[in-house]
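Okay, structure first, notes after.
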Amino acid sequence: MNPLTVTDKPSAPRPTVRVKALSVRDRRRLLVHFLALDSSDRLLRFGSTLPDELVTRYVEQMDFSRDRVFGVYSGRLRLIGVGHLAFAPREASPVLHNATLKERIAEFGVSVLPEARGLGVGSRLFERAAIHCRNEDVDTLYMHCLASNQTMIHIAAKAGMKIHRDYGEADAYLRLEPASPGTMLAEAMQEQFASLDYGFKANAKAALKWLRRLPGFRRK
Ligand SMILES: CC(C)(COP(=O)(O)OP(=O)(O)OC[C@H]1O[C@@H](n2cnc3c(N)ncnc32)[C@H](O)[C@@H]1OP(=O)(O)O)[C@@H](O)C(=O)NCCC(=O)NCCS
């Protein structure tokens with residue numbers, strides 16, 4: 001079954017993907033998401049086949065006050081996609097040090113559960129991260145991945161990123177335009193729709209849980 005809410009329109013090529021900003025309250029669901037990635041996905045996502053203990057530590061150490069974490073929920077409130085936008089001072093990156101005059105740069109990492117791939121989730125998470133950077137006065141978005149990661153390189157190239165391949169690894173940079181009233185409004189609206197969507201799914205899930213307790217209730 002499609003893990004996302006599919007639009008009714010027959011012409012809609014892909015399901016609607018709502019990207020929501022996550023908070024410290026979502027840490028448990030984040031952990032479930034990352035632990036569901038197999039070793040080859042962990043290699044692509046983290047650059048190393050992290051064991052469960054290190055994945056757990058990564059999630060525990062996510063800094064929600066400094067970074068931005070975005071998620072896409074399934075109808076059952078499973079996190080099917082996660083994008084982590086980590087902000088760092090420009091000086092922290094020897095490679096990007098001269099690439100910008102802004103105080104901070106941003107590095108993006110993304111993962112989508114296998115059953116939800118190819119539906120535009122990864123691309124929407126990337127787009128949301130880029131618009132958030134613009135609104136945060138960050139003009140350089142960076143991504144590091146294995147050179148063999150054709151899917152990610154395709155998403156990066158589609159977004160206009162400059163890709164530099166070196167010794168089996170690839171660095172991708174995107175120079176972003178400054179924020180505008182349009183980008184501010186777009187992000188606020190995306191968040192509003194995603195919050196409504198989340199509330200709707202949470203209510204539906206709670207209602208189903210309640211119905212299941214009724215004698216004679218059977219789920220089709
Ligand atoms: C990379 C990843 C996030 C993509 O997520 P996704 O939700 O499937 O991505 P989307 O559906 O938005 O887009 C996939 C695009 O790649 C294309 N694609 C798929 N396989 C491809 C391949 N082997 N070569 C080139 N392009 C490919 C799809 O056609 C699609 O392009 P389109 O939108 O132009 O049609 C997901 O595969 C993943 O989690 N991989 C493991 C972790 C990882 O690699 N993270 C990135 C490193 S930070």
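What follows is calculated from the coordinates using simple rules that are stated; it is not laboratory data. Worth saying up front: this structure is predicted, and the values here are computed from it rather than measured. With ideal geometry, Cβ positions are generated from the backbone for all residues, glycine too; neighbour counts draw on all protein chains shown.
Below, the figures for the structure above:
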{"quantity": "Order by protection proxy (mean Cβ within 10 Å, highest first), peptides 95-105, 136-146", "calculated": "136-146, 95-105"}
{"quantity": "Debye log10 I(q)/I(0) at q = 0.15, 0.23, 0.31 Å⁻¹ for the stretch 166-218, Cα point scatterers", "calculated": "-0.69, -0.90, -1.09"}
{"quantity": "Rounded FRET efficiency, nearest 0.05, which uses the C-beta distance separating Thr151 from Ala188 and R0 of 30 Å", "calculated": "0.50"}
{"quantity": "Under 22 Å, Cα to Cα: Lys pairs in the chain, sequence gap 8 or more or different chains", "calculated": "8"}
{"quantity": "Alpha-carbon Debye profile of the chain, log10 I(q)/I(0) at 0.16 Å⁻¹", "calculated": "-1.20"}
{"quantity": "Calculated from backbone phi, Karplus (6.51, -1.76, 1.60) coupling profile of the stretch 147-152 in Hz, x at Gly/Pro", "calculated": "5, 7, 7, 4, 5, 5"}
{"quantity": "Segment Lys162-Arg14, extension gain: residue separation times 0.36 nm, minus the distance between their alpha carbons", "calculated": "50.6 nm"}
{"quantity": "Computed lengthening from Val24 to Ser48, 0.36 nm per intervening residue step minus Cα-Cα distance", "calculated": "6.1 nm"}
{"quantity": "Built amide H within the under 5 Å cut-off of Glu169, gap 5+", "calculated": "Ala147"}
